[in-house]
Structure formats: C-alpha cells, structure tokens
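**Q** Provided herewith is a single structure, encoded as structure tokens, for subsequent inquiry.
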Amino acid sequence: MLNFPDTRRRFSTACALATLAAACTSLLAQQPPATQGAPKKGPRGNPKDTEVWEPEPKVVKSGAEYGAPPSDAIILFDGKNLDEWVSNRDKSPAPWIVKDGILTVSKARGSGNIETKRSFRNYQLHLEWRIPENVTGTDQERGNSGVFLASTGPGDAGYELQILDSYNNRTYSNGQAGSIYKQGIPLVNPSRKPGEWQTYDVVWMAPVFNPDGSIKTAANVTVFYNGVLVQNHFELSGETLYIGKPFYRQYDRAPIKLQAHPDPSPPVSFRNIWVRELN
C-alpha cells in the first residue's frame, strides 16, 4: 500500500535541493573572473628608505702588501726593539733576543714568557713566526711556543693559540699548531716546513662577565693560519689549561703574551707583530 505522506515529503525535499542547486549555479555564473576586481599592486617604494648614511666608517689605509700593518695598527714588534714588551714574571724589560730584525725566544734560565705593556679587549692580531730549520725533537717537544690572546696571570695563565712544528710531526690534535690549546682542533693543517715563515691572523673577542663574575658571553676566536681558516668563530669554554677542564676567571682587559716553552728544541722566532683594537 502506498504511503502518500512519505512520498510527498520525499518529493518536496528533492524539489528544494534542486531549487538550491539552481540558485547556486546562477549566483556563481554572475561572479566576475578571479582576476577581475583584484587589488592593484602599489609602487615598489623608495630605495632611499633603506639607505643608511651615518655613521660613516673612518678611512683606514691598508698595508701595501699582505701582512703590512694598516694605518690604525699598534706596532708591537717591527724588528727594532722590545719597547712594547715586558717580562710576564715581574714586568721588567723583556729579556728575549732581537737581532737582524727578528725576535727570538730566550731559553736562558729565568727568562720566561713576555707580554705586551698594553692591555686589550677585542682586537685583530697579525703575527709571523718561524720554527728553526734545525729543529729537533718530536710531539710537543719540537718548536713549542704559543701566543696567549689574553694573559690573565703569570706563567701560562690565559687563552693560548698554539705554536708548534706541525709539519710531519704528529701530536694530539688539540695541541698542534693552529689549535686553541686543549680545546679547539684546527679545521685543517696548513703548516709549512721548518725554516719557513708562517703567519697567524686572529680576531679575538674577549669574554663578557656579569657583575657577580659569572660568564655572560663566552670568548670566541677566528684564526687564519698561513691565509687558511683554521678556527671559525670558535667559542672557548674557559682558559686553556695543560691539565684539567677549562673555566673562566673574570678580567676586563689583558696583555698579549708570547710563550718561552721549556722544551729542549731550538727556540722559535717572531717578526712583524701588530694589533688593531676593535671597539
């Protein structure tokens, strides 16, 4: 038997859906294409809005050749004398040897390390050094020295960039030339053979301390060794220690120190040392 009320409900629903579909189709047909009525692009803007004219960088005259000091450099050693250096032990005149424009480590008893009279915070450093051609020994006892990028006390206190004969002389990787001693292994080994001059170009950013002496910003260093990048913005964990884990001791400014290492090999030599303070 037919159920007329149910049939009528179904028919009404179908008609309503058909009417709605037809209305939607008609509405869509009346809409403009998507590209019509889109907002127009405005002008690209004025390039002067992003031009910065102040402060104007000061003019610095670069050296005439690689390694020559620029006009704003502080000359630490130019082959003439040790007027910029003192003994690290007691601040007396530096006892190392200057001859024929070259500075050579003195291994005489009591000589010890030397350091700059001036103190520095952040800087660019250029330094040239040479392992003697007649060097003897192996491992760490072969042309051992170092440049302490911040000397925080007597002896070997501070942050050391290692100097060593690393031309066919195997030692621990974080103790070879170009290493941040016992912390940063150099990215590569571009060492030249003994008797040839080698160069370090360094950017040193000193640690920053909180008022209570805790570390706020760690020290970091970038080093080019013979023109090759060996330390790329390396972050130090503290002072470079022969034994034990590194830690920070608060300081503000510090001298640059050169090491008279007690190994028995012939002494290392230096020339053309200059620094530029970075403010």
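**Q** Which of the lysines could be linked to K91 by a straight reach, that is with a Cα gap under 25 Å, when you skip same-chain ones fewer than 8 residues away?
**A** Cross-link targets: K80, K99, K107, K117, K257.
**Q** Straight-line reach only, C-alpha to C-alpha below 15 angstrom: list the aspartates and glutamates that K61 could link to, leaving out same-chain residues fewer than 8 apart.
**A** By straight Cα distance, K61 reaches D72.
**Q** Would you compute, for the Cα atoms of segment 39-80, the largest minus smallest coordinate along each principal axis and list the three values in descending order, in whole Å?
**A** Cα spread of segment 39-80 along its principal axes, largest to smallest: 73, 20, 13 Å.
**Q** Let me ask you something else. Calculate the dipole size of segment 62-136 relative to its Cα centre from +1 charges on Lys and Arg beta carbons and -1 charges on Asp and Glu beta carbons; express the result in debye to the nearest 20.
**A** Dipole of segment 62-136, to the nearest 20 debye: 420 debye.
**Q** Could you tell me the largest-minus-smallest coordinate of the C-alpha atoms of segment 80-215 on each of the three principal axes, in descending order and whole angstroms?
**A** 49, 35, 26
**Q** Next up: In Å, what Rg and Dmax follow from the Cα atoms of segment 234-279?
**A** According to the Cα coordinates of segment 234-279, Rg and Dmax are 14.7, 40 Å.
**Q** Against the empirical 2.2 N^0.38 Å scaling, what ratio does the C-alpha Rg of segment 64-144 come to?
**A** 1.24
**Q** Restricting to Cα atoms and excluding each atom paired with itself, what does the Kirkwood estimate give for segment 150-279 in Å?
**A** 15.6 Å
**Q** Less than 11 Å Cβ to Cβ from S265, Lys/Arg counted +1 and Asp/Glu -1: what total charge do the surrounding residues give?
**A** Summing Lys/Arg as +1 and Asp/Glu as -1 gives -2.
**Q** Starting from the alpha-carbon convex hull of segment 137-196, give the projected area averaged over all orientations, in nm².
**A** If I average the Cα hull's projected area over directions, I get 4.2 nm².
Where a number appears in this text, it was derived from the coordinates with a stated rule and is not lab data. For clarity, every value in this text was computed on a predicted model and none was experimentally measured. FYI the Cβ positions are ideal-geometry reconstructions off the backbone, even for glycines, and counts take in every protein chain you see.
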